[in-house]
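Notes for the one structure printed next.
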Amino acid sequence: MSLDILAFGAHPDDVELAASGTLIRAARAGASTGIMTLTRGEMGTRGTLAARASEFDAAAAIMGLAHHGMLSLPDGWLTPDRESKLAVVREIRAHRPRIVLLPHDEDRHPDHPAAARIVEEAAFLAGLAKIDTGQPPYRPAQLIFYMSTWEFAPSFIVDISDVIEEKRRALRAYSTQVFVPGQAAGEPPTFIASEHFQELIFARMEHYGHLIGRKYGEPFRIRGVMEVDDLVATFGGRTL
Ligand SMILES: [Zn+2]
């Protein structure tokens, strides 16, 4: 199977929080999309492993993913070691994504920069024929970093205004993790599960939407610079 976009997250819900609007838009436009988590989120304060897996399934259906799955690298202890990179090399070769989304390489949770290194290095290593996984070598065309807790100056912002309700539904699928009115009673309180956090992530999407003259946006960064083909098509519709 060949995917247009494969997003890697350290934990279930990382990609949904940062980039699900972009994945939903891409799937609507006919792209094949997928999410792989490096861990199963076993260190999470709330929710069982089974609950987190079924939340991931529900969110994947809402996002229209062609593929989703979990690796079993150690939550809380992600390390850019050989075995972790090889696990991601196998995923990249199995799904041959043109574009890979990954966490930014500077972030608050130590698993996020570790995941960034694992995925970035694996994307290169996947193209080396002499690394034998029994699969043909393959290297993605582009790596794109998404934003979790710590901010960065984005290379570009994707307008997600038209899919914001689908993104809200995908996030609410994670009812043990995020704020869902009237749910997860009895679970210990966490910042991620607070109503305040929910307001913050929507405020951030509004902030980045505003920067491109839209209602809601998701920011991304690439190494290097982007080519623009058509100035009028790219900038002519903006109302700043
Ligand atoms: Zn995370």
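Test Y146 against the criterion of being touching a helix residue (DSSP H, G or I) at 6+ places or on another chain (Cβ under 7 Å) and at pLDDT below 95, and give yes or no.
Taking the combined requirement at face value, the residue does not satisfy it.
Using the structure shown, decide if A60 is away from the ligand (no atom under 13 Å from the Cβ), aliphatic (A, V, I, L, M), in a helix (DSSP H, G or I) and modelled with pLDDT of 95 or more.
Against the criterion (away from the ligand (no atom under 13 Å from the Cβ), aliphatic (A, V, I, L, M), in a helix (DSSP H, G or I) and modelled with pLDDT of 95 or more), A60 qualifies.
Hey, can you tell me all the residues within region 153-176 that are under 16 Å from the mean Cα position of the chain (by Cα) and in a loop (DSSP other than H, G, I, E, B)?
Residues satisfying the conditions are P154, I160, A173, Y174.
Where the second residue is within 16 Å of the ligand (Cβ to nearest atom) and of a type in the set (G, A, S) and the first is modelled with pLDDT of 95 or more and lies in region 111-132, which pairs have Cβ atoms under 7 Å and are six or more apart or on separate chains?
D111/A10; D111/G76; H112/A10; H112/S148; A115/A10; I118/S84
Sort out which residues of region 89-140 are within 16 Å of the ligand (Cβ to nearest atom) and of a type in the set (A, V, I, L, M), and write them in order of number.
Restricting attention to region 89-140, the residues satisfying the condition of being within 16 Å of the ligand (Cβ to nearest atom) are 101-119.
Residues satisfying the conditions are L101, L102, A114, A115, A116, I118, V119.
Those residues that are of a type in the set (D, E), closer than 30 Å to E120 by Cα, free of Cβ contacts under 8 Å to residues at least 24 places away in the same chain and surrounded by 10 or more Cβ atoms within 10 Å (Cβ to Cβ), I need them from region 187-240; list them, please.
Listed by number, the list holds a single entry, E206.
Which of (1) at pLDDT below 95; (2) surrounded by fewer than 19 Cβ atoms within 10 Å (Cβ to Cβ) does D4 not meet, given it meets every other one?
Going through (1) at pLDDT below 95; (2) surrounded by fewer than 19 Cβ atoms within 10 Å (Cβ to Cβ) one by one, D4 breaks only (1).
Got a number for residues in region 119-144 being part of a loop (DSSP other than H, G, I, E, B), of a type outside the set (V, I, T) and over 12 Å from E91 (Cβ atoms)?
Qualifying residue count, region 119-144: 10.
Any idea how many residues of region 193-234 are hydrophobic (A, V, I, L, M, F, W, C), in contact with a helix residue (DSSP H, G or I) (Cβ under 7 Å, 6 or more places away or on another chain) and assigned to a helix (DSSP H, G or I)?
Residues flagged as hydrophobic (A, V, I, L, M, F, W, C), in contact with a helix residue (DSSP H, G or I) (Cβ under 7 Å, 6 or more places away or on another chain) and assigned to a helix (DSSP H, G or I) within region 193-234 amount to 1.
Can you name the residue in region 1-41 that is among the charged types (D, E, K, R) and out of contact with any helix residue (DSSP H, G or I) (no Cβ under 6 Å at 6 or more places or on another chain) and, of all such residues, is farthest from the ligand (Cβ to nearest atom)?
Quick first cut of region 1-41, residues among the charged types (D, E, K, R) only: 4, 13-14, 16, 25, 28, 40.
Filter once more, keeping what is out of contact with any helix residue (DSSP H, G or I) (no Cβ under 6 Å at 6 or more places or on another chain): 4, 13-14, 28.
Working: D4: 24, D13: 7, D14: 4, R28: 26 Å.
Among those residues, the one meeting the criterion is R28.
Looking at region 141-164, which of its residues are surrounded by 19 or more Cβ atoms within 10 Å (Cβ to Cβ) and within 16 Å of the ligand (Cβ to nearest atom)?
Scanning region 141-164 gives F145, Y146, M147, S148.
Select from region 24-50 the residues that are in contact with a Leu (Cβ under 7 Å, 6 or more places away or on another chain) and touching a residue at least 60 places away in the same chain (Cβ under 8 Å) and list them in ascending order.
Passing the criteria: G34, L38, T39.
Considering only residues of region 85-118 that are part of a helix (DSSP H, G or I) and in contact with a Lys or Arg (Cβ under 9 Å, 6 or more places away or on another chain), which is farthest from G134 (Cα to Cα)?
R117
Check region 20-36 and report whether any residue there is more than 15 Å from L171 (Cβ to Cβ) and among the polar types (S, T, N, Q).
Yes; the residues of region 20-36 include at least one that is more than 15 Å from L171 (Cβ to Cβ) and among the polar types (S, T, N, Q).
The values are calculated or read from the model by the stated rules, or taken from the named source; none is laboratory data. Being a predicted model, the structure only gives us computed values, none of them experimental. Reconstructed Cβ throughout: ideal geometry from the backbone, glycine too, with neighbour counts over all protein chains shown.
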